[in-house]
Structure formats: C-alpha cells, structure tokens
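Structure, as structure tokens:
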Amino acid sequence: AASHGNFYAQLHGDPGLPPLHLKDFNNSDLTGVRLGVFWDYFNDAEVPVVETCYRALDIFKSLGAEIVAIEIPHLRSLQVAHGLVVSSEISAILGDLLHNRHQLEPSTRIQLALGVSMASVEVQSGNSLRGWALQYLRKEIFKKLKISGIVTPTVGVRVPEIPQKALKTNESNTPLLLKLMKFIFLGNLCGFPGISIPAGYDEATSIPIGLRILGDQWHDSLKRGATRDDGFLTESSKSNQISTGSYAWWSYFMSF
C-alpha cells in the first residue's frame with residue numbers, strides 16, 4: 001500500500017496527494033454544483049433509460065445543482081481509441097495464454113487474438129487520442145466551464161437477455177459490447193473517477209437503471225460517498241423513482 005501511495009504522490013506532483021476527508025458527507029445542499037450534460041450524447045439511449053435519467057436530473061436541480069450544456073467532440077473516434085488501447089494492453093499482458101494450452105473460452109480467445117493483431121501505429125494513434133481527450137476534458141470542461149461532474153446514463157440500453165447457447169459457450173458480441181460501453185469508456189480511457197447511482201427501475205425487469213457522474217482526476221472523494229447505506233431505490237419497483245436521500249452524498253462529492 002505504501003509503494004502505491006508513493007507512486008500516486010509522484011504522479012500527482014507537489015504538494016502531494018489531496019488529504020482524505022468526509023467533509024459535508026451528510027449535506028444534501030447542492031448549491032454551486034455545476035453538472036455538465038452533452039445533450040445529444042445523453043439522449044442517445046433507449047427511451048426508458050433517458051426518461052429515468054431526466055427525472056434524476058430534476059432531483060439534482062431541486063437540491064440546488066445547475067445543469068450546464070457541454071459538448072465533447074470526437075466521441076466516435078475516442079471509442080475506437082479505447083478499443084485499440086485496452087485490447088492491446090490486455091493482450092500484451094495475457095496474450096501468451098493463446099499459445100500455451102490454456103483452456104480459454106472462445107470469446108476470450110477472440111478478444112486476445114484481436115489485441116495481438118493490432119499494429120503499433122494503431123496503438124500509438126489510440127494513445128495520442130487518449131492524451132488529447134484527457135487534456136480537453138480537464139482544461140475545456142472541468143476547468144474552463146467549472147464543471148463539477150459530467151452526467152450520462154450508465155448504460156444506454158436495458159439489460160439484454162443472455163442467449164441460452166451463451167450459457168454453455170459464452171458469446172462474442174462486439175456490437176452489443178459497444179452499446180454497453182457507450183457511456184463508460186471515456187472514464188476508463190482517460191482515468192477519470194466516476195460513479196453510477198441507481199436512478200430508477202426498468203419496469204419490465206425490475207432491474208435498476210443507473211445514472212453516471214464523471215469527475216476530474218484526483219477528485220475521488222465521490223466514491224466514498226457512495227458507501228452510504230441510506231437512500232437507494234425506493235421499495236416499489238413500479239414507482240420507478242428514487243428518493244432525494246439518494247443524493248445526500250453529492251455535496252461530499254463536490255467538496256473536493
């Protein structure tokens with residue numbers, strides 16, 4: 001743990017890592033909080049997901065938060081970059097498993113083979129785009145517009161059914177994977193802290209629908225707020241609502 005702490009302290013630079021704290025953990029007043037929404041991106045999801053997340057935004061506004069329109073360019077290219085970078089990194093670490101008689105299930109073998117097949121120019125291009133995205137979000141969104149967090153649905157589609165055949169052999173379904181990762185990849189690509197909170201239920205399945213908030217680097221205190229036990233989904237799945245208590249930890253997130 002100490003070695004990891006030293007690594008992150010060097011990565012952060014002087015004067016060292018921000019101190020741990022629980023300031024405003026129980027304060028639900030979100031006055032001064034600016035939540036960025038790229039509306040074209042936010043709305044590009046299934047209707048039940050979008051409607052549920054809109055209700056969550058209304059709760060944030062009722063608690064004092066300001067919703068700010070933002071734009072994030074080149075998202076399609078960045079999603080491709082994410083696939084290139086992550087696939088190549090996984091295969092660089094585990095690609096030897098393809099050749100030493102490990103009994104990998106088929107979809108894992110496909111994933112590792114894709115990563116191994118990528119050319120260095122593709123990987124370098126993906127990393128160049130990652131560097132651009134990191135700088136753009138930090139300078140143009142979080143700093144220039146003073147955005148406290150970028151809000152999107154967690155997953156843009158309702159939970160898909162698992163095909164019966166996949167229970168035996170698993171499946172390789174890249175189009176579905178891209179849909180599931182549509183709102184998640186940016187934080188993973190650039191290393192920004194994020195959290196998903198339950199915003200309601202899918203009436204057909206009673207499975208929660210998530211709202212995701214992405215924060216700036218070194219502002220990880222939002223994750224600790226999510227450990228609170230009070231304020232998740234209401235007991236009735238038919239209400240498709242959450243209580244305002246679910247957002248009580250938000251001031252803690254915004255106190256970084």
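The values are calculated or read from the model by the stated rules, or taken from the named source; none is laboratory data. Here the structure is a predicted model, which is why all the values come from computation and not from measurement. Methodologically, a virtual Cβ is constructed for each residue, glycine included, from the backbone with ideal geometry; neighbour enumeration extends over all protein chains shown. All accessible areas refer to the heavy atoms of the entire protein, side chains included, with ligands and DNA or RNA removed. Shrake-Rupley method; radii C 1.70, N 1.55, O 1.52, S 1.80 Å.
Things worth noting here:
- Listed residues 29, 40 arranged by accessible area, highest first, probe 1.4 Å: 40, 29
- Pairwise FRET efficiency - residue 97 versus residue 138, Cβ, R0 = 35 Å, nearest 0.05: 0.45
- Under 16 Å from the Cα of residue 61 - lysines, other chains or at least 8 residues apart: none
- The accessible surface of region 96-203, taken with every protein chain in place and a 1.4 Å probe, is 56 percent carbon and sulfur.
- Contour minus Cα-Cα distance for residue 39 and residue 120 (0.36 nm per residue): 25.7 nm
- Taking 0.36 nm per residue of separation and subtracting the current Cα-Cα distance, fully stretching the chain between residue 61 and residue 169 would add 34.3 nm.
- For region 86-203, pairs of C-alpha atoms spaced more than 25 angstrom apart make up 42 percent of the total.
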